[in-house]
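Written below as structure tokens is the structure these notes are about.
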Amino acid sequence: MPEETLKEKIISYAKEIGIDKVGFASADPFLTLKDRLITQQELQYQSGFEEKDIEKRTHPSLLMEEGRTIISIALAYPSKLKNAPKSTKGDRRGIFCRASWGEDYHNVLRKRLSRLEEYVKELDPQAQCRSMVDTGELSDRAVAERAGIGWSAKNCAVITPEFGSYVYLGEMLTTLAIEPDVPLTDQCGSCNICVDACPTDALIQGGQLDANKCIAFLTQTKDMLPERYRKKIGNRIYGCDTCQQVCPKNKGVDFHHQKEFEPDPETVKPNLNSLLHMSNKEFKERFGSIAGSWRGKKPIQRNAVIALGNFKEESAVPELNELIKNDPRPVIRSSCAWTLGQIGTHEAIVGLEEAYMLEQESEVLAELETALGLQ
């Protein structure tokens with residue numbers, strides 16, 4: 001079968017099963033990416049969530065010896081929340097980033113890729129395929145860039161001409177030989193808006209990210225948040241969209257045609273107080289289907305506590321006072337200490353003083369002393 005016909009058939013089927021954009025790249029080594037990853041590792045900018053083996057990340061042949069082509073896919077997701085509940089005094093709301101709206105995108109893209117794999121094997125029963133979404137060895141962004149899906153932007157996202165950067169990416173490594181697409185030229189130019197707007201200066205320069213400063217990463221950690229970042233996260237309880245929201249290429253971009261990604265307003269913009277005492281079962285029932293649940297409830301609850309401090313939400317003081325004395329997790333008690341100190345009402349101070357008399361963990365005691373002005 002001629003390459004052109006094979007390629008056209010795959011593109012047509014991909015669109016038929018709901019893939020918004022598909023591109024084709026060679027399976028040659030990603031040498032420029034390799035240099036960037038080595039530099040990132042030397043500077044300790046990596047998050048720790050990535051595949052640690054740089055060779056596997058940059059040499060597709062280590063994943064599939066006879067791999068010839070990488071098929072890159074993109075699915076668009078919404079940027080605006082319909083019927084969003086308002087965050088008001090007494091009913092403060094947190095927010096999940098847009099990449100966690102609707103059904104977990106890992107599951108959605110894997111299903112699409114699985115169907116695409118089946119189709120490829122119908123076209124060529126001898127074909128080998130290996131699909132990845134986010135957690136695979138290959139860099140979704142580097143593959144998409146090479147496949148002409150979009151260009152790698154200064155905010156470290158891939159920007160597509162059609163959907164902006166509001167796209168999920170996945171790829172399939174295959175033994176099929178298909179004519180590669182032409183990469184798009186960089187269209188960021190001299191624009192530096194995202195770099196300047198980053199709340200924590202995590203975008204060191206265009207296209208380079210210090211993950212350890214990135215709010216999207218920080219909201220997924222499980223330890224106590226460093227003090228310098230607590231006010232920066234605002235009411236974010238998972239992820240951060242600032243560098244996407246300010247991007248001129250995303251102006252007016254909002255696609256709702258992928259039903260799986262349509263968000264439930266009460267799920268992605270939840271009441272913060274309601275998150276404080278959730279059991280594991282309640283957490284899984286309420287948030288288990290979204291991408292933002294993958295780290296469990298502790299980071300979400302910690303972030304909710306800190307968000308209440310940023311709002312100085314007095315209605316939360318009774319619950320915070322209960323948590324700081326009874327919650328078995330030092331991170332939660334430490335966060336409550338900071339938040340009660342931010343709120344600063346008489347009831348909050350009394351709660352801090354009572355907790356100080358009971359506390360035995362040194363890290364929590366340090367937070368309590370700071371909140372009470374004892375150090």
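How many residues does the stretch 188-207 hold that are part of a loop (DSSP other than H, G, I, E, B) and touching a helix residue (DSSP H, G or I) at 6+ places or on another chain (Cβ under 7 Å)? Break it down stepwise before answering.
Looking only at the stretch 188-207, we keep the residues that are part of a loop (DSSP other than H, G, I, E, B), and these are 188-192, 198-202, 206-207.
Pick out the ones that are also touching a helix residue (DSSP H, G or I) at 6+ places or on another chain (Cβ under 7 Å) and you get 191, 198-200, 206.
Counting residues in the stretch 188-207 that are part of a loop (DSSP other than H, G, I, E, B) and touching a helix residue (DSSP H, G or I) at 6+ places or on another chain (Cβ under 7 Å) gives 5.
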Completion exercise
Within the stretch 108-129, the count of residues that are within 33 Å of the chain's Cα centre (by Cα) and either charged (D, E, K, R) or outside any helix (DSSP H, G or I) (or both) comes to 10
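Applying the selection to the stretch 246-264, what residues are assigned to a helix (DSSP H, G or I), surrounded by 15 or more Cβ atoms within 10 Å (Cβ to Cβ) and in contact with a helix residue (DSSP H, G or I) (Cβ under 9 Å, 6 or more places away or on another chain)?
ASN250, GLU260, PHE261 - these are the residues of the stretch 246-264 that are assigned to a helix (DSSP H, G or I), surrounded by 15 or more Cβ atoms within 10 Å (Cβ to Cβ) and in contact with a helix residue (DSSP H, G or I) (Cβ under 9 Å, 6 or more places away or on another chain).
State which residue is surrounded by the most Cβ atoms within 10 Å (Cβ to Cβ) when the search covers only the stretch 209-224 and only residues that are in contact with a Lys or Arg (Cβ under 7 Å, 6 or more places away or on another chain) and part of a loop (DSSP other than H, G, I, E, B).
Going residue by residue through the stretch 209-224, those that are in contact with a Lys or Arg (Cβ under 7 Å, 6 or more places away or on another chain) are 215, 219-220, 222.
Now drop any that are not part of a loop (DSSP other than H, G, I, E, B), which leaves 219-220, 222.
Working: THR219: 24, GLN220: 18, LYS222: 11.
Looking at the filtered set, the residue picked out is THR219.
Test of understanding: among SER335, SER279, SER289, which residue is surrounded by 16 or more Cβ atoms within 10 Å (Cβ to Cβ), over 17 Å from ARG93 (Cα atoms) and hydroxyl-bearing (Ser, Thr, Tyr)?
Values: SER279 fails: surrounded by 16 or more Cβ atoms within 10 Å (Cβ to Cβ); SER289 fails: surrounded by 16 or more Cβ atoms within 10 Å (Cβ to Cβ).
Going through SER335, SER279, SER289 in turn, just one is surrounded by 16 or more Cβ atoms within 10 Å (Cβ to Cβ), over 17 Å from ARG93 (Cα atoms) and hydroxyl-bearing (Ser, Thr, Tyr): SER335.
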Handout entry: Neighbours by Cβ (under 8 Å, 6+ apart or cross-chain): first from the stretch 316-343, of a type in the set (Gly, Ala, Ser); second surrounded by fewer than 18 Cβ atoms within 10 Å (Cβ to Cβ) and outside any helix (DSSP H, G or I)
Key = GLY341/LEU372
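This table checks each residue for (1) over 25 Å from PRO29 (Cα atoms); (2) touching a helix residue (DSSP H, G or I) at 6+ places or on another chain (Cβ under 7 Å); (3) in the same structural domain as GLY292 (by TED's automatic domain parsing).
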{"site": "ILE54", "(1), (2), (3)": "no, yes, no"}
{"site": "LEU62", "(1), (2), (3)": "no, yes, no"}
{"site": "ASP91", "(1), (2), (3)": "yes, no, no"}
{"site": "VAL108", "(1), (2), (3)": "yes, yes, no"}
Completion exercise
Here the qualifying pairs (Cβ atoms under 8 Å; residues six or more apart or on different chains; first in the stretch 21-34 and of a type in the set (Val, Ile, Thr); second in a strand (DSSP E or B) and modelled with pLDDT of 95 or more) come out as VAL22/ILE71; VAL22/SER72; VAL22/ILE73; VAL22/ALA74
Exercise for the section: Scan the stretch 225-240 and give yes if some residue there is part of a helix (DSSP H, G or I), under 23 Å from ARG93 (Cα atoms) and free of Cβ contacts under 8 Å to residues at least 60 places away in the same chain, otherwise no. Expected result: yes
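Of all the residues that make up the stretch 134-150, how many are in contact with a strand residue (DSSP E or B) (Cβ under 8 Å, 6 or more places away or on another chain) and either crowded, with 22+ Cβ neighbours inside 10 Å or of a type in the set (S, T, N, Q) (or both)?
Initially, the stretch 134-150 is screened for residues in contact with a strand residue (DSSP E or B) (Cβ under 8 Å, 6 or more places away or on another chain), giving 134, 136, 138, 140-150.
Checking which are either crowded, with 22+ Cβ neighbours inside 10 Å or of a type in the set (S, T, N, Q) (or both) leaves us with 138, 140, 142-147, 149-150.
The number of residues fulfilling the criteria is 10.
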Handout entry: Failed condition for CYS156, given (1) buried (at least 20 other Cβ atoms within 10 Å of the Cβ); (2) at positive phi
Key = (1)
Problem - Checklist (1) in contact with a Cys (Cβ under 6 Å, 6 or more places away or on another chain); (2) not in a helix (DSSP H, G or I) applied to VAL305, failing item - result: (2)
Practice task
For ARG236, indicate whether it is assigned by TED's automatic domain parsing to the domain that holds GLY288, under 17 Å from the mean Cα position of the chain (by Cα), among the basic types (Lys, Arg) and surrounded by 18 or more Cβ atoms within 10 Å (Cβ to Cβ).
Solution key: yes
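For THR267, state whether it is in a loop (DSSP other than H, G, I, E, B), surrounded by fewer than 20 Cβ atoms within 10 Å (Cβ to Cβ) and hydroxyl-bearing (Ser, Thr, Tyr). Full working, then the answer.
On the way: in a loop (DSSP other than H, G, I, E, B): no; surrounded by fewer than 20 Cβ atoms within 10 Å (Cβ to Cβ): yes; hydroxyl-bearing (Ser, Thr, Tyr): yes.
Judged against the criteria, THR267 is not a match.
Within the group LYS154, LYS86, which residue is outside any helix (DSSP H, G or I), within 25 Å of PHE255 (Cα to Cα) and either of a type in the set (A, V, I, L, M, F, W, C) or more than 17 Å from the chain's Cα centre (by Cα) (or both)? Spell out the reasoning first.
Numbers: LYS154 fails: either of a type in the set (A, V, I, L, M, F, W, C) or more than 17 Å from the chain's Cα centre (by Cα) (or both).
On inspection, the qualifying residue turns out to be LYS86.
The values are calculated or read from the model by the stated rules, or taken from the named source; none is laboratory data. Fair warning: this is a prediction, and the values are worked out from it, not measured in the lab. Methodologically, a virtual Cβ is constructed for each residue, glycine included, from the backbone with ideal geometry; neighbour enumeration extends over all protein chains shown.
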